[in-house]
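To start, the structure itself, in structure tokens.
Read the figures in this text as sums done on the coordinates, not as results from a lab. No experiment lies behind these values; they were computed from the predicted model shown. Reconstructed Cβ throughout: ideal geometry from the backbone, glycine too, with neighbour counts over all protein chains shown.
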Amino acid sequence: MRSIQHYINGQSVGIATQKTHAVLNPATEEQVAEIQHATSEEVNQAVAAAKAALSDWSEASIAHRTKLLYKFRNLVLENEHYIAELITEEHGKVHSDAKGEVARGIENIEYACGFAETLKGSYSEQASTGVDVYTIRQPVGVCVGITPFNFPVMVPLWMFPNAIACGNTFILKPSDRNPSAPEFIIKLMNEAGFPKGVVNLINGGAETVNQLLSHDDVDAVSFVGSTPVAKHIYESGTAGGKRVQALGGAKNHMVVLPDADIDLAADSAVSAAYGSAGERCMAISVVVAVGEVAEPLVNAISDRIDNLKIGPGMQPDSEMGPLISEEHRSRVVDYINSGEAEGATVVCDGRMHSSEQKGFYVGATLLDNVTTDMEVYRDEIFGPVLSVVRVQSFDDALDVIAENQYGNGVAVFTRDGGTARQFQKNVQAGMVGINVPIPVPVGYHSFGGWDDSLFGDTAMYGPEGMRFYTKQKVITSRWPDPTSSQVDLGFPQNT
């Protein structure tokens, strides 16, 4: 059984008698690791290590930082199958999904390897007579990343490669439900040759997070998780003068218009709703069926659900694995019960899987005739539950999305380019897919929603991530003309 410790200043740190937490394999309910929660002293050690490393690291050349990032990228690539196995064992998602997570993480490391282009400033020669104005971008300082259980590798790789590329130092606080993969990739940083203290890892719960949020030597915080916690992170961090980006929950809608390709829409709905057992912040949880498309679409989705293979993530033919914990399984089942009690039609019932076998399983569930006042619609369920809301028109579909508290991702399925263009212009969400169900941006764009899905002014990774991890400085420069000794005491003017 693995013992997961902290990683501070280039070495594993942990006290055997401190608070521990069992890490379970959700497919078998067996314990596979034990995680140690950080003491207050260990949190302070991690921050002190990051602060001590900051001066030298921020002065390191672009060429040196890039070289080390390439080494790290290659090490992750060499170990991608093992990392994916760790993800599957502790999260439960099928192995192919875990490998996809690692691949998207590598994409973000590769973007960070080219950060020199993004960090280039601007230059205006002769802005005024003999005066030049230019901008440079400098590190923010000690940065913290607080990451969720559903993407234990990809989300950290959204954060710390970009942060350290910009010259910052970093402390990762991953989820305590599946800590082995994050610990492994942080150790690869040491193998790649990064100086001690540049990247550190501490484990823990709310006490650890709150200590980091209030620590005077922490300068910036990145977070991905639920909306209530994201709001707390944002308000607490900014109250202490820190820069904060906090990504919250979602209720992602997929609008299917009457002219859509039914087979494509049904395939996409099943993939986007039930992949990773619905434990994705970009999962489609609501299909908005417009007009007469509803009946054939519901039938097509139901037919596909009947053929889904549910089982352990390392089983080759499994298409959907278990949920992360018994507590979460019970929560998802309660939502299905609530939807049925409030009048939704249970077309496909996943509750039977919750007692059929060992593991935290809930089967793919399809609820039809869901209305926007139902609890199953209002809340983020974070499980394999897809609701169908029927509306009469395109405008009705836009209104449903606009009235929802979240604004993370949306999708529209149509054959009409004009309608798609109107949708992308008017829909109230931060990420839009056109015949693409999960519009997660590639690494050289940025990830972030609107409304209660994002707290802060910048999205995650890509160009906005680089802006988050740097501060702009504007320099106005004038050098005396060596051919003239005239002294000008007047107020500077643009002439």
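Counted residue by residue at 0.36 nm each, then reduced by the alpha carbon distance between them, the extension gain from residue 425 to residue 372 reaches 16.8 nm. Relative contact order of region 1-109, taken over Cα pairs closer than 8 Å and 6 or more residues apart, is 23 percent.
If you add up the charges near residue 142, with Lys and Arg at +1 and Asp and Glu at -1, over every other residue whose beta carbon is less than 14 angstrom from its beta carbon, what do you get? If you can, show how the numbers build up before the last one.
Details: positive: 51, 173, 242, 243, 471; negative: 56, 216, 217, 219.
After counting each charged neighbour, the total is +1.
Calculate the dipole size of region 41-113 relative to its Cα centre from +1 charges on Lys and Arg beta carbons and -1 charges on Asp and Glu beta carbons; express the result in debye to the nearest 20. Can you show the working numbers first?
Numbers: 8 positive and 13 negative charges, 73 e Å.
The dipole of region 41-113 has a size of about 360 debye.
Take 233-239, 140-146 and order them by the average number of nearby Cβ atoms within 10 Å per residue, most first; the result is 140-146, 233-239.
Protection proxy ranking for 467-473, 411-417, using the average of other Cβ atoms within 10 Å per residue and placing the highest first: 411-417, 467-473.
Specify whether the C-alpha gyration tensor of region 252-434 places it in the rounded, prolate or oblate class, a ≥ b ≥ c being the square roots of the eigenvalues: rounded for a/c under 1.5, otherwise prolate if a/b is larger than b/c and oblate if not. Verdict is prolate for region 252-434.
DSSP beta bridges fully contained in the chain are about 40 percent antiparallel. Which links in 67/242; 173/196; 99/251 stretch past 22 Å when you go from one Cα to the other? Pairs exceeding the cut-off: 67/242; 99/251. Annotation: aspartates and glutamates with alpha-carbon distance below 17 angstrom to residue 471 (same-chain offsets under eight excluded): 59, 117, 217, 219, 457. In a simple Cβ point-charge model (Lys, Arg +1; Asp, Glu -1; nothing else charged), the chain has a dipole of about 1700 debye relative to its Cα centre. Annotation: amide H of residue 448 within the under-5 Å range of 460, sequence separation 5 or more or interchain, hydrogens built in the peptide plane.
For region 252-434, with only Lys/Arg (+1) and Asp/Glu (-1) charged at the beta-carbon, what is the dipole magnitude about the Cα centre, in debye rounded to 20?
Values: 12 positive and 28 negative charges, 102 e Å.
Result for region 252-434 is approximately 480 debye, rounded to the nearest 20.
For the peptides 242-248, 100-106, the ranking by packing is 242-248, 100-106, with the highest mean count of neighbouring Cβ atoms within 10 Å listed first.
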